[in-house]
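A.B. asks: Once you've had a glance at the structure underneath, I'll fire off some questions.
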Amino acid sequence: MTRSSSSAKQKSLTTPRRPRPALLGRSRRPLAPSVLLAHTQILRGLTPLQAQTRIRRSGLPLHVMLAAWGISDRTLKRKIAAGERLGPRVSKRALRLEAILQRADELFGNREVSARWLLSPALPLGGRSPIDFLTTSVGATTVEDYLGRISYGAVA
């Protein structure tokens, strides 16, 4: 073995390799299955059956749910009759409302109390009810933050 090849081997053994940067900012860790499922459901749109199931399980009046989803009663009935899926915008709002209700259920203990909380005016939200905020992404994030403050006891 020549001297240069043995020193190159020693150098490669002693010099730590630099970590490779992730391609285009992506990590190699896969997304959680629930995130992939939600993403797919939003893009494809909820089926009429999925929409009806969510409405039934919510514990909220129909007109309140539809207002939060940003869809009229007539449009929903037409889509159900035609067997059409809801659009991505409406599906995203429906899934977000469901996630907020589930988080409220964990915090308050049951769906009745969670539904009442969602419909009740809240001082930290300027005297408006949390459901009023769910028509926009910024509003939904505000409600999620508010739930987080409640869970840590920092409400005011």
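A.B. asks: Let me spell out the model: positive unit charges on the Cβ of Lys and Arg, negative unit charges on the Cβ of Asp and Glu, origin at the Cα centre of segment 34-151. What dipole size does that give, in debye rounded to 20?
C.D. replies: Numbers: 18 positive and 9 negative charges, 98 e Å.
Roughly 480 debye, rounded to the nearest 20.
A.B. asks: If you stretched the chain out fully between Arg74 and Leu36, how much longer would it get, using 0.36 nm times the residue separation minus the C-alpha to C-alpha distance?
C.D. replies: Values: separation 38, 0.36 × 38 = 13.68 nm, distance 3.07 nm.
Roughly 10.6 nm would be gained on extension.
A.B. asks: Can you give me the long-range amide H partners of Leu46? Hydrogens built in the peptide plane at 1.01 Å from N, cutoff under 5 Å, separation of 5 or more residues or another chain.
C.D. replies: Leu86, Ser91
A.B. asks: Right, another one. Name the shape class, rounded, prolate or oblate, that the alpha-carbon gyration tensor gives for segment 34-151, where a ≥ b ≥ c are the square roots of its eigenvalues, rounded holds for a/c under 1.5, and otherwise prolate holds if a/b is larger than b/c and oblate otherwise. It would help to have the intermediate numbers written out before the result.
C.D. replies: Numbers: a/c = 1.85, a/b = 1.63, b/c = 1.13.
Taking the square roots of the gyration eigenvalues as a ≥ b ≥ c, segment 34-151 is prolate.
A.B. asks: At 4 °C and 1.567 mPa s, grab the translational diffusion coefficient of segment 97-142 from Stokes-Einstein with a Kirkwood Rh over Cα pairs, rounded to a whole number in µm² per second.
C.D. replies: Details: Rh = 10.6 Å.
Taking Rh from Cα pairs, D becomes 122 µm²/s.
A.B. asks: May I pose another question? Which ³J(HN,Hα) values in Hz, rounded to whole numbers, follow from the phi angles of segment 74-81 under the Karplus curve 6.51 cos²θ - 1.76 cosθ + 1.60, where θ = phi - 60° and Gly and Pro get x?
C.D. replies: 5, 5, 4, 4, 5, 5, 5, 4
A.B. asks: Peptides 106-112, 57-63: what's the order by average Cβ count within 10 Å, highest mean first? If you can, show how the numbers build up before the last one.
C.D. replies: Values: 106-112: 12.7, 57-63: 14.7.
Packing proxy ranking, top to bottom: 57-63, 106-112.
A.B. asks: Return the long-range amide H neighbours of Arg128 (sequence gap of 5 or more, or a different chain), with a cut-off of under 5 Å between placed amide H atoms.
C.D. replies: The answer is Ala122.
Coordinate-derived values only; no laboratory data. These numbers were taken from a predicted model, which means no experiment stands behind them. Ideal geometry is used to build each Cβ from the backbone, glycine not excepted, and the neighbour counts take in all protein chains shown.
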